[in-house]
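Enquirer: Take this structure, written in structure tokens, and hold onto it; I'll ask about it next.
The values are calculated or read from the model by the stated rules, or taken from the named source; none is laboratory data. A quick note: this is a predicted structure, and the numbers were derived from the prediction, not measured. Positions of Cβ are generated from backbone atoms using ideal geometry, with glycine treated the same way; all protein chains shown enter the neighbour counts.
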Amino acid sequence: MYYIEMHGHMVSRTTDDYREMAMAGCVAVSEPAFWAGWDRQSADSFDDYFRQLTDFEPKRASQFFIRHVSWLCLNPKEGEDRRLTAEVLKRIPKFLDRPNVVGIGEIGMNRVTRNEVDTFIDHIRLALDYNQMILIHTPHLEDKYKGTRVTIDNLVKFQNLDPNRVLIDHAEEHTVGMILEHGFYTGLTLYPNTKVSLARAVDMIEKYGPDRITISSACDWGPSVPTAVPQLMLEMRRRGHSEELIRKLVFENPLKFLMQSGKFELPRLDIHATVSHTAP
Ligand SMILES: [Zn+2]
């Protein structure tokens, strides 16, 4: 079965990882801009990072018939620096018409500070000004609930924002309900140690149903498994779920979401055929 990796930080992964993912059925990767593990010193560093995301990574992915799309922003951690934020935000528009850019992200909260909220709002304005989709990070552990709440409260203030074009990621048991009930897409992030395990993800799918839920490995420079999505597919089969349900979560939902960008396309035409003709 084909799948789309909805949240992979491929700049941190090797070319062998792309090959492993392709062999496991991955046909597209959506890569949000994020924190490199250390703070960048200048807006010029972001320029280089954006060039890597919009030029080098799509080429590297295409060797394995994987379509690579990316999201651009200043990440929540470095967004605490309002001076740097102002400089980086000025530089983002020139990248937005690159063929693989599908929106602004992953923006959002880290420690839910005043500066983070201001930077978040600046990014939403930028997205709306340029008719871009939005991908949102939510904080971890004790900041998860509060950060998700503040995120939603600020999003709903923008009356011209279509919740169908916004994905609030890293949802957990206590936040997935509030994200879905406001009409946003959401994402379950599979991690080997922290965040959501395979079993917890399937529990949430069983409770909330598959609509507007996407799955990702969020593979990055920390402990993470680039083929976590096919692992979830196996876990769902083990629990007796249908191929139709699995395909909706790992392929059709992310496809439907990304197609709204007007820029997303699958790497091979025969994939379209499998969507409309395969019976569960
Ligand atoms: Zn991420």
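Enquirer: Could you check how many residues of segment 108-146 are under 18 Å from residue 87 (Cβ atoms) and charged (D, E, K, R)?
Expert: 5
Enquirer: Go through the residues of segment 128-137 one by one and say whether even a single one is out of contact with any helix residue (DSSP H, G or I) (no Cβ under 8 Å at 6 or more places or on another chain) and more than 16 Å from residue 166 (Cα to Cα).
Expert: No, the conditions are met nowhere in segment 128-137.
Enquirer: Also, quick follow-up: What do you reckon, is residue 161 in contact with a Phe, Trp or Tyr (Cβ under 8 Å, 6 or more places away or on another chain) and under 25 Å from residue 4 (Cβ atoms)?
Expert: Criteria not met by residue 161.
Enquirer: Any residue in segment 29-56 that is within 15 Å of residue 90 (Cα to Cα) sitting within a Cβ distance under 6 Å of a residue that is of a type in the set (Val, Ile, Thr) and at pLDDT 95 or above? List the pairs, counting only those 6 or more apart or interchain.
Expert: 43/88; 46/88
Enquirer: For segment 142-152, how many residues meet the condition of being touching a residue at least 40 places away in the same chain (Cβ under 8 Å) and more than 16 Å from the ligand (Cβ to nearest atom)?
Expert: Total satisfying the criteria: 1.
Enquirer: Additional query: Taking segment 153-210 as the region of interest, how many residues are within 16 Å of the ligand (Cβ to nearest atom), over 18 Å from the mean Cα position of the chain (by Cα) and crowded, with 16+ Cβ neighbours inside 10 Å?
Expert: Going through segment 153-210 one residue at a time, the tally reaches 0.
Enquirer: For segment 219-262, which fully contained helices (runs of 4 or more DSSP H) count at least 3 residues that are within 14 Å of the chain's Cα centre (by Cα), surrounded by fewer than 19 Cβ atoms within 10 Å (Cβ to Cβ) and in contact (Cβ under 8 Å) with a residue 24 or more places away in the chain?
Expert: none
Enquirer: Among the residues that make up segment 120-132, is at least one of them under 22 Å from residue 30 (Cβ atoms), of a type in the set (S, T, N, Q), within 16 Å of the ligand (Cβ to nearest atom) and buried (at least 19 other Cβ atoms within 10 Å of the Cβ)?
Expert: no
Enquirer: Identify the residue in segment 1-25 that is within 16 Å of the ligand (Cβ to nearest atom) and either outside any helix (DSSP H, G or I) or modelled with pLDDT under 95 (or both) and, among all such residues, is surrounded by the fewest Cβ atoms within 10 Å (Cβ to Cβ).
Expert: So the residue we want is 13.
Enquirer: Now for a different question. Return the residue satisfying two criteria in turn: it lies in segment 33-67 and is touching a Leu at 6+ places or on another chain (Cβ under 9 Å) and either under 18 Å from residue 250 (Cβ atoms) or hydrophobic (A, V, I, L, M, F, W, C) (or both), and of such residues it is farthest from the ligand (Cβ to nearest atom).
Expert: My answer is 43.
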